[in-house]
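Contents: one structure, followed by commentary.
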Amino acid sequence: MLQKAYGLLTRLYPRPFWEKYEEELTLVFAARGRRERKRGSFAFASFLVWTVADVLLSSTRMHLRNALTALGLGFRGVGRALGRALNGDLSQDIRFSFRRLKIRPGFSATAILYLALGIGANTVIFGVVDTLVLRPLPFEEPERLVRLYGSTPGNSSLQHLSARIAEELSEMEAFEETAVLDFGFMAMAGKENAEVVSVGSVSPNFFGLLGIQPVLGSGFDSPGFSIPDYNLVVLSYDFWRARFEHDATIISSTIVLDGSSYRVVGVLSEDFEDPAGGVGGYTQLWRPRDFANDGIGDRWLGVIGRLAPEVSVENANAAADAAAQAMALMYPDALMEGFRIIAVPLHEAIWGDVRSSLLVLLFAGGIVLIVGCVNLAGLLLANGLERSQEMVTRTALGAGRWRIVRQLMIENAMLVVFGGAFGVLLANSGLGFLQLLQNQIPRLADAQLSFIVVAFAVALSAIIALIFGLPPAMASSSPAMAGALRSGPGARGKSRRTVRLRSLLVGSQLTVSLTLMVIALISMKSFRLLSEVDTGYEPRGVFTFQLSLPRSTYSNNEAITVFQDALLERLASVPGVEAVAAVDKIPLGTRSNCSGFRVLGLPALELGEWTCAERRVATPGYFSTMGIDLLRGRDFTAGDNQRAERVAVVNRAFANLVWPGENPIGKQVAWHSERVEWSTIVGVVADVRHFGLDTPPQPEVYSPHPQAPDGRMTFVIRAPGVTQILRHARAAVAELDRSVPLRLAQDMERFTEQWITPYRAALIAAAAITLLAIALTLIGVSGVLAHAVSQRRPEIGIRLAMGAGPREVGWMVVKHGLKIGGLAVAVSLLPSLALAKIMSAFLYGLSGFEVPSFLIATSAIVSLVILMSYLPAHRAARINPAEVLRDL
Amino acid sequence: MVLKDLSDVLPLSTKSFHILMAVAERPLNGYQIMLKVEENSDGVVRVGPGTLYESLHRMAERGFVNEVESAGGERADGRGQRFYRISPLGKKVLAAEVDRLSADLRIAGKLRGIRV
């Protein structure tokens, strides 16, 4: 089927050419396509784009060549002519064209603006899409890689799995191999203080599964070692460049992480991408880890897998599902009933969230291009026809016909060149603007202007310039037009047709603008809702930092608790600090840590299926420090320590899930594990959005810190107005233990803002694009109406002479505008509503057809059309009938 | 088509040059030319089908290559496919272009610090 499409595409070539070569072209395309498809779906997609661009470019070239040959020039001739600086017809024409464009700055500027916007917008968008989506992952046969997640009933997030589960999966036929990964931080000993580095802990076959070879060193599979060595580390390229300055002797040297020595055995290549990545920075070091001691229920790892040959993702999912069910039966305490495993293609796992936004972006870009081109077409058409008088005069005075046409085409060409150049400039800044989203999408930093897209957009505009510029140029320079020197009925007939044509063009622009406005309004609504989402906490005046206590020095719970309590005390004593506490994970940006739980007193059947909740650990005072409302009961106190009764605080989502309508205080919960420890619920807090603004809050259970110590905690300080609070914090930590580094020190308010910024940026972009498109369209509307008025001068004059009032005449003009507008509204009704329905499927907070947005857009457009028709109407009313009658 | 002298057509574009080289030894069909060009240049020079046939068409018009129906008994897909063979004129043009390039290289070789 693609072959047929390509065959049709070849019709773009001049007829004699495609008649001769269409078959061969299609065969070659098919053969090459088969070859590219074997290299992967992304290679295939790039091939398709390349081939289409190839056709467009070479066909344009061919047409241009033919046209120029007909005009007595060749490509080479043009080149030589341009090289001649002095006289010569061509350079004169160029200078003349340039002057003509300068004389009419309104026309030129508008045309260039249309071109620039269309070209610019599409260049940016395609550049982004190309960088993010079309580029295949830098692994071997990336289409056979999947990311595996766990899921449990009642919880909508994709969850981690365990190393044991990964092992079981790799034994299955559907999977060739699996590997696990975990992301964390360690302290790397440096010259003065410890430095915090991000470390990926993986199973030893991780890089082998991905098919990655380090550019330096041999990686984890060091030859000659039969006993697996886990004190190895591989550096990322950027880390090696920044910290070790490309020093190749780093291989086989040692670095110290968290107090233990690790031998450097490799450096990854520059284009390596973290398969768990896509969000949140990059991993600086990788080390192998032995996960043998993990139980099957210790689900805290990411799992990637390589599908066996000829196995599809659907097959893999079915197999994984069966395995999950079997495992749940075999280990009912660790995995609950309803436990499932899901396989997602790796590319989608990384970029899936972004894809829907990209689609919208692509669509918007297409619309802007269409609006721009249609505007341009109308403009060129009108321009060509208006100048027919001038052209005919020149012909009568002896100018060669081709000379005139050539000069007009040069004018159009200049517009295209300037428009394209300006568009590329806009695209450049557009890309810069998009990089605001960088903290969410790191790959965006590599986004570059794609040459193919620029070429495509320019080619498109050139084609339009040819299509809409050439015929009027040809027509107006025809000797047969000599009759048009007189404004006879023939001329008026032609003008009427022009007006109708232009009205049609503008009408279609209005339709597009209206649709675009509806889309923008909907997007704005969604974005606005998203940015106003109640996060559940109060970030103003709150600062946080993370501490990771090295396991070698703090190997037991006692040591951890002692250190953290001491630190909390010190921090609380800093002047200006209102409250201090610690929690294991702060809101926003956390990945799921969902664990199964049990509820005392509720038989399994009544609860339905087992569900899981997020585990959290917090010190007393955390909720008030973070500004999370306590809805019922009490917070943790110092009395909730290891020796006391086990307690817990749950969030509202949890309470509503398990005991809807009841008071959960006093009830008991326990985590699903071999040794069941019941905790009594003592309080209920408000829901916090831990996973992102558009993810609904999940049920959570907090345990007090002494009862579930964690060496990695984030400390939260409420100290509004205290500058340098983090410096105090660093000092306090250093006082206790110099080797423990502070990391992720941040201002909670700014951090929260960062999450909203991309949405806000997108909102601004949507608004900007819409406003521009509408502005351009409305200029077009007033242009058409003004043109109509000037063409209908005789008719209007007669009407006025016959006693019609000026108001009547003005109303005629307005009616014309409204007719166009009304038609546009009618035509855009269906597409707008359909689009709204489609978009509401994947934008936050929308539902159904969003009729109010459509109505708003419609009334806006209609009122603007009326506004635009004011001036032409006014001018029509002021026509002096006597003058007009005289001219007839 | 009669050329006044070869300076009218030189320098050849990279694509034309590579395509001519591809068919210099034996006749090839379009797909084969495409692959040969990429192979010869280690993937540096890529021609799409459209550009390829555009060039072939032009070169055929100017007499650098001849179109041959299924040369040497090779039939791809069982259908008569067009094969392209370099013509004597094409050989002259190719030789002239190689001379030109070599001359440039010789000059570059004389520069200190540049290895040719």
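Each of the peptides A:340-348, A:833-841 was scored by the mean count of other Cβ atoms within 10 Å over its residues; in descending order, highest first, they stand as A:340-348, A:833-841. Look at the stretch A:50-59: the mean tally of other chain Cβ atoms within 10 Å of its residues' Cβ atoms is 4.
With the simple spin-label model, which puts each label point 7 Å out from Cα in the Cβ direction, the A:R727 to A:R241 separation comes to 3.3 nm. Within the same chain, aspartates and glutamates fewer than 8 places from B:K36 are excluded, and of the rest, those with a Cα less than 14 Å from its Cα are B:E25.
Set the bar at 32 Å for Cα to Cα. Now go through A:K38/B:K92; A:K38/B:K15; A:K102/A:K819; A:K38/A:K837 and name every pair that lies beyond it. Show your work: numbers first, answer last.
Values: A:K38/B:K92 40 Å; A:K38/B:K15 26 Å; A:K102/A:K819 34 Å; A:K38/A:K837 37 Å.
In this structure, A:K38/B:K92; A:K102/A:K819; A:K38/A:K837 exceed 32 Å between Cα atoms.
Peptide A:20-30 shows a mean partner chain C-beta count of 6 within 10 Å per residue C-beta. A straight line joining the Cα centroids of region B:1-53 and region A:614-666 runs 76 Å. Could you let me know the centre-to-centre spacing of region A:569-584 and region A:513-562, using Cα atoms, in angstrom? Centre-to-centre distance over Cα atoms comes out at 21 Å. Mean per-residue shielding of peptide B:43-49 is 5, counting Cβ atoms of other chains within 10 Å of each Cβ. Descending by average beta-carbon neighbour count within 10 Å, the peptides B:6-18, A:623-635, A:781-793 line up as A:781-793, A:623-635, B:6-18, the highest first.
Only the coordinates and a few stated rules stand behind these numbers; no lab work does. Since we're looking at a predicted model, the values are computed, not measured. Note: ideal-geometry Cβ built from the backbone for every residue, glycine included; neighbour counts use all protein chains shown.
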